[in-house]
Amino acid sequence: MHGRLASRGQARVFEAVVACTLILLTTSYAIYYLYPLSQTVSSCEGLPQLAEKVLLYLSQPGLLDRCVYLEDYETLQQVLEQLLPSDIEYQVVVYRLASDTWKPQAVISSPLFHRCATVYSSSTYLAGFNGTVDERLVVLSLGS
C-alpha cells in the first residue's frame, strides 16, 4: 500500500510538470503571434529613437560595415524597407573622409522622402573595414 501512495505522489508531480510546461509553451506561442516583433511608429515623436535603434541594429551583426565598404547599397535598402514601417520614409547618406573633407559617396532614399515635412536624423561613424582605416560617416534620416 505504501508503494501505491508513493507512485500516486510521483504521478501528481509529473502531471504538475507537464501542466506547467504546456502553460509555458502556450503562453510563448500566444505572445509570439499576438505581439509581432516589428515596431510601429504612428507619430513623428518616436522617429529619433527609431533612427538610433535602426542604426544600432544594423551595426550589431556588421551588416552596415559590409554594405557600406563593399558598396552593397541594394542590400541596405532592402533591410531598411523590411525594418521600417510602411508609413516612414528614409534616406541614408554615406560620407567618406577625403582630404580632411567629408564628401557624399552614396545617397539611398525611399521614393517619397523628399516630401516629408518632419525629418529626424541619426548618424554613426565607421573607422574602417577588414583592418584598413577608411573613415565613413553614415547618416540615417527618417521622415513622415
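Counting only Cα atoms, the stretch 59-126 measures 37, 27, 18 Å along its principal axes, largest extent leading.
Computing FRET efficiency as 1/(1 + (r/R0)^6) for Lys53 and Arg115, where r is the C-beta to C-beta distance and R0 is 22 Å, gives about 0.40.
Please give the length that would be gained between Ser123 and Phe14 if that part of the chain were fully extended, namely 0.36 nm times their separation in residues minus their C-alpha to C-alpha distance (nm, one decimal). Computed gain between Ser123 and Phe14 is 33.8 nm.
What does the extension gain come out to for Gln82 and Leu70, with contour length at 0.36 nm per residue minus their alpha carbon separation? Mind showing how you got there, number by number?
Numbers: separation 12, 0.36 × 12 = 4.32 nm, distance 2.06 nm.
Net length gain for the segment: 2.3 nm.
Between the amide H of Gln105 and those of Val94, Tyr95, Arg96, distances stay under 5 Å, these residues lying 5 or more places away or on another chain, with hydrogens modeled in the peptide plane. Fully extending the segment from Gln60 to Asp100, taken as 0.36 nm per residue of separation minus the present Cα-Cα distance, adds 11.6 nm.
Here, each number is a calculation from the coordinates, and none is a lab measurement. Everything numeric in this text was worked out from a predicted model, so none of it was measured. A quick note on method: Cβ atoms are made from the backbone with ideal geometry, for glycine too, and the neighbour counts reach across all protein chains shown.
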